[in-house]
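Step one of this worksheet: look at the structure below.
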Amino acid sequence: PDKVEDNNSTLSNIVRNLPEKAGVYQFLDKEGIIIYVGKAKNLKKRVSSYFTKEQSGKTQILVRKIVNLLYLVVENENDALLLENNLIKKHKPRYNVMLKDDKTYPSICITNENFPRIYKTRNIDKNNNRYFGPYTSALTIKTLLQLFKQLYPLRTCTLNLSPEKIAENKYKVCLEYHIKNCAAPCINQQSEEEYNQHIDNIIEILKGNAQKISRMLYSKMMEHASKLEFEKAQKIKEKYDLVEQYQTKSVIVSPTIKNVDVISCEVNESENEGFINYFHVVNGMIMQGYTFIYKKKLDETKEELLGLAITEIQEKYQTKFSEIVVPFLPENPEFYNVIFTIPQKGDKKKLLDLSLQNVKQYKFDRLKQEEKLNPEQRATQIVSTLQHDLHLKEMPWHIECFDNSNIQGTNPVASCVVFKKAKPAKNDYRHFNIKTVDGPNDFASMKEVVTRRYKRLSNETRELPQLIVVDGGKGQLSSAKEALEELNLYGKIAIIGIAKRLEEIYFPDDSVPVYLDKNSESLKLIQQMRDEAHRFGITHHRKKRSKSQTLSALDDITGIGIKTKEILLKHFKSVKRIMEASEEELENMIGKKKTEIIKKELINRKI
């Protein structure tokens, strides 16, 4: 391919001779550093596509930096997934999606030793111990550990309880034994077999099989009761009740859903981030649930992010379920040795909706937290994204938006709202009464207000905006452009129009509109300004129209002052009711002379 030749002939030869098999490829830069790792069902087709197809801006930058290529052939797509995941973690390539482990969720650890200990931890060492989790809630872990402590006496000490050490009789019981939290295996008062049976029961609960333990306890309780061993039966009943209470507090999804994983994805385009939520459902109960973040590097799609998340979850948490509930299929679904379900209704759909609700809430909370903690940084991100999406020369820190308002062609007005650092600057808002245009003419009205606004700012040498937004399509935009040209400001201030029907963004001298992503921060900011300008303009228009409809009939009557009009309108609410009022009623309020003047004038005008 031509683009490969542009990089170097060695790379070109490698690409031409790549096998058409599943594998993993690694791109290297001139320093020999791995800058990207990818997987492929067909290495030759996938790698060639980088050099033959049109790519996004970020991918073009990646391609220009590729000097060499390494690849590894594997048996199947699933092996390619795992190998890709391992290589990314090892080399941390610059252009691969990055998992942001800014929050480590706690797990429950069961140590690999004689008389194992159980405790909460955030440090994972799977070579030596067994782990259950992670759990998003530390309270959940605390509740579980308290349950285990009440069910079974387990040791908390770090003594080496090997059979040889216990046989030496070198240990003494501690306070935990005296308060009945431990059965003293250190002095051989509890057998290792009994202790391990307790550990096995705890593992069953952690796996979600609490019903199994509940049935076992119930059976033992009834057995002791039948033998009239009521004290033993009562002790087991207390444990049985604890397990039953734990089950009722668990998040039960549905008894019809046995063992599935649920993974949902939400993308935040403005921050180039992807949010993944994961539920692990065992026997109808959510046993694990957490959300994590990926940092996008090459405008990866949500399908790509979902695929990366599935691989990460399978490898990190050793999930072995064969069914995954998802909102959409990941990229290359055949890579994963599982069944994907996209539910449309029923219990699985409710479960997926719950996962999506969690991921959206996490995204919302994170964005609000970032804005609260560092509003300056948040504003910079929004403005920077707008500059990128609209291809502006300058960062649009100062934006002004115009809207015309002439309901039914009467009282034409216009409004200008000002946003600074992506926030409304309400003290700078302005209303305009249209002076030079007769009748409802949006184009001419737009030209008038833009001319008046920037002529005044220029004359007063005040700050000009970096961006002007016009509410309307090509016509309004062209009128605003003409105004800027006449003021010799066109080219110094960027200007766009937004048409409401399909939210198209128009640029001057370009008949083809741009469509921004509906969920993008850029479009949301433009819509907010447009809606604010409309609201501000409508409010002013209503006040003006109301005033013209109510006060104009009394304004020109000689001998009737402002106070008299206020008294009458406050009492009668409208000119029509003033006309319908009796002379006696009016005389009592404003006197005989003013009553005669008002009645005479209103009758003559046929109001």
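Starting with the highest mean, order 48-60, 445-457 by the number of other Cβ atoms within 10 Å, averaged over the residues of each peptide. The partial results should precede the final answer.
Details: 48-60: 14.1, 445-457: 20.9.
Answer by packing, highest mean first, reads 445-457, 48-60.
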| note | Measuring from its Cα centre, the chain shows a charge dipole (+1 at each Lys and Arg Cβ, -1 at each Asp and Glu Cβ) which, in debye to the nearest 20, is 1580
| request: Would you work out which of Gln318, Gln528, Val24 lies farthest towards the positive end of the dipole of the chain, given +1 charges on the beta-carbon of Lys and Arg and -1 on that of Asp and Glu, about the Cα centre? | output: Gln528
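Listed here are the pairs Lys89/Lys348; Lys297/Lys421; Lys53/Lys421; Lys297/Lys524; Lys92/Lys492; which of them are more than 31 Å apart at the Cα? Let's see the in-between values first.
On the way: Lys89/Lys348 33 Å; Lys297/Lys421 26 Å; Lys53/Lys421 38 Å; Lys297/Lys524 23 Å; Lys92/Lys492 43 Å.
Listed pairs above 31 Å: Lys89/Lys348; Lys53/Lys421; Lys92/Lys492.
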| Each residue of the range 417-429 in order: what ³J(HN,Hα) in whole Hz does its phi give by Karplus 6.51 cos²θ - 1.76 cosθ + 1.60, θ = phi - 60°, with x for Gly and Pro? | 10, 10, 10, 10, 6, 6, 10, x, 10, 5, 5, 9, 4
| field | Packing-based ranking, highest mean first, of 225-231, 69-75 given that Cβ atoms within 10 Å are counted | value | 69-75, 225-231
| query | What lysines could a cross-link reach from Lys435, if we take a straight Cα to Cα line under 16 Å and drop same-chain neighbours fewer than 8 places away? | reply | Lys447, Lys455, Lys544
| Simple label model, 7 Å out from Cα along Cβ direction - Thr52 to Lys360, nm | 4.1
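Send over the per residue convex hull volume for the chain, Cα only, as a whole number of Å³.
Numbers: hull volume 185.5 nm³, N = 607.
Taking the convex hull of the Cα positions in the chain, it is 306 Å³ per residue.
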| query | Once phi is turned into ³J(HN,Hα) by the Karplus curve 6.51 cos²θ - 1.76 cosθ + 1.60 with θ = phi - 60°, what whole-Hz value does each residue of the range 573-583 show in order, with x for glycine and proline? | reply | 6, 8, 5, 4, 5, 4, 5, 7, 5, 6, 4
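Taking every DSSP beta bridge that has both residues in the chain, what percent is antiparallel when rounded to the nearest 5? Working shown, then result.
On the way: 62 of 77 bridges.
Roughly 80 percent of the DSSP beta bridges within the chain come out antiparallel.
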| task | Using 0.36 nm per residue of separation minus the Cα-Cα distance, give me the extension gain between Ile203 and His388 in nm, one decimal. | result | 61.4 nm
| remark: Measure of exposure for Ser415: accessible area at 1.4 Å probe, Å² rounded to 10, is 0
| Between Arg16 and Ile61, what is the spin-label point distance in nm, taking each point 7 Å from the Cα along the Cα→C-beta axis? | 3.2
| For Lys320 and Ala425 in one chain, what is 0.36 nm times their gap in residues minus the Cα-Cα distance, to one decimal in nm? | 32.3 nm
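Add +1 for every Lys or Arg and -1 for every Asp or Glu among the other residues with Cβ under 11 Å from the Cβ of Glu77, and state the total. Don't jump to the answer; show the numbers that get you there.
Numbers: positive: Lys21, Lys39, Lys41; negative: Glu75, Asp79, Glu84, Glu334.
Around Glu77, the surrounding residues sum to -1.
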| How much length, in nm to one decimal, is gained on full extension between Gln234 and Tyr218, taken as 0.36 nm per residue of separation minus their Cα-Cα distance? | 4.7 nm
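Using R₀ = 45 Å, calculate the FRET efficiency as 1/(1 + (r/R₀)^6) where r is the Cβ-Cβ separation of Glu463 and Asn519; round to 0.05. Mind showing how you got there, number by number?
Values: r = 32 Å, r/R0 = 0.70.
Computed FRET efficiency for Glu463 and Asn519: 0.90.
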| remark: Helix 138-151: inclination vs the chain longest Cα principal axis, degrees, rounded to 10, gives 30
| said: Among Leu147, Gly274, Val437, whose Cα projects farthest towards the positive end of the dipole of the chain, with charges put on the beta-carbon of Lys, Arg (+1) and Asp, Glu (-1)? | reply: Val437
| Tilt of helix 77-91 relative to the longest C-alpha principal axis of the chain, in degrees (0 to 90, nearest 10)? | 80
| request: Report, in degrees rounded to the nearest 10, the 0 to 90 angle that the Cα long axis of helix 192-206 makes with the longest principal axis of the chain. | output: 20
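The values are calculated or read from the model by the stated rules, or taken from the named source; none is laboratory data. As the structure is a prediction and not an experimental result, all values here were calculated from the model. Backbone-built Cβ (ideal geometry, glycine too); neighbour counts: all protein chains shown. The protein model used for the area step is the full one, side chains on, heavy atoms only, and it has no ligands, DNA or RNA in it. Shrake-Rupley method; radii C 1.70, N 1.55, O 1.52, S 1.80 Å.
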